[in-house]
Amino acid sequence: MSESMAHIGLKQEARQLLVNMGCIEIKEEVRFGNLIIDIIGYKNNKIIAIECGNLSLKNKIEKIKEIPDIIKVLHLKHKSPEDPNLKISIDKYTKTKILNFLNSQKDTINIRNIAKSLKIAYPTAQKYVALLEAEKKINVRKYGNMKLIEPLDKK
């Protein structure tokens, strides 16, 4: 089952929260018995657990609190669709994903291949390539009717 962009955004927030709390190791989708916890962080040999979004079990937070070594359990809830921070989080995630992909490529690549490789819709790839170009983080050059994209440092 694939994750929604909103859930991915919440997991990014959870990761950053754990880093800010001083966790030295962070893991995703960790199984404890029959429970799978979205994000955990280790701090002083203890565990901080974070569940993101809707809960699969009604009393999941209470069950997580019963696990030995877990000192804190947090629940990050989905933001309202009107919340501007949700869009910013998704935008940042998608742009970073595209930039990281471009940096991993040896040659220039076109938008269709970016979309296909990252499993995102072609119009979504077009939108974020345009944003990254406007932010001067990538080079876009025309080759016939195709646009070839590369990160700035590969000029």
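Tell me the residue from LEU102, LEU118, LEU152 that is hydrophobic (A, V, I, L, M, F, W, C) and within 15 Å of ASP91 (Cα to Cα), please.
On the way: LEU102 fails: within 15 Å of ASP91 (Cα to Cα); LEU152 fails: within 15 Å of ASP91 (Cα to Cα).
Being hydrophobic (A, V, I, L, M, F, W, C) and within 15 Å of ASP91 (Cα to Cα) holds for just one of LEU102, LEU118, LEU152, which is LEU118.
For the range 41-57, how many residues are closer than 15 Å to ILE8 by Cα and free of Cβ contacts under 8 Å to residues at least 24 places away in the same chain? Before you say what the answer is, go through the steps one by one.
Step one: list which residues in the range 41-57 are closer than 15 Å to ILE8 by Cα, which gives 50-55.
Filter again for free of Cβ contacts under 8 Å to residues at least 24 places away in the same chain, leaving 55.
Going through the range 41-57 one residue at a time, the tally reaches 1.
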Within the range 51-76, residues touching a Lys or Arg at 6+ places or on another chain (Cβ under 7 Å) and outside any loop (DSSP other than H, G, I, E, B) come out as GLU51, CYS52, ILE71, VAL73
Report whether or not LYS119 is under 19 Å from the mean Cα position of the chain (by Cα), at pLDDT 80 or above and over 30 Å from MET21 (Cβ atoms).
-> yes
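The values are calculated or read from the model by the stated rules, or taken from the named source; none is laboratory data. Everything numeric here is computed off the predicted structure, so don't read it as measured data. Neighbour counts are summed over all protein chains in view; Cβ atoms, including those assigned to glycine, are modelled from backbone coordinates with ideal geometry.
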